[in-house]
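For reference, the structure is listed below as structure tokens.
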Amino acid sequence: MNRRNRPRPQKRKSDESIMDFYLRTRTNVDTAIDQDVARSCTSKQQYATEAQARAIATMQGMSGSLFTYHCRYCEFWHLTRRPNSGEPPQIIDE
């Protein structure tokens, strides 16, 4: 295929999130990935930094039972009840 007939890569709109861009431009639909995204990302609150996520957990009085993790889908931070796998638990200090 020569350069003139090659489809142009789609660009992300300035007001579009990375997750929305991914969902709009993906070529393969994988239900397992969709379920993982729904479980670990879209159903949870996003925090810009780990410190912000920890502060919210502390304010809710859940500092001993919530852990933070960096989301591979949206690049934000989320809270979870599961300790981080492969790493020592990061207990949130009050």
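Points worth noting:
- Among the residues of the stretch 30-65, those identified as assigned to a helix (DSSP H, G or I) and of a type in the set (Gly, Ala, Ser) are Ala32, Ala38, Ser40, Ala51, Ala53, Ala55, Ala57.
- Extreme residue, modelled with the highest pLDDT, among residues of the stretch 1-27 that are surrounded by 10 or more Cβ atoms within 10 Å (Cβ to Cβ) and of a type in the set (A, V, I, L, M, F, W, C): Phe21
Residues checked against (1) over 20 Å from Ile18 (Cβ atoms); (2) charged (D, E, K, R); (3) surrounded by 10 or more Cβ atoms within 10 Å (Cβ to Cβ):
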| residue | (1), (2), (3) |
| --- | --- |
| Val29 | no, no, no |
| Ile33 | no, no, yes |
| Lys44 | no, yes, yes |
| Thr49 | no, no, yes |
| Gln52 | no, no, yes |
| Ile56 | yes, no, yes |
| Leu66 | yes, no, yes |
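The values are calculated or read from the model by the stated rules, or taken from the named source; none is laboratory data. Since the structure is predicted, the reported quantities are computational estimates derived from the model, not experimental observations. Please note: Cβ atoms are built from the backbone with ideal geometry, for glycine as well, and neighbour counts cover all protein chains shown.
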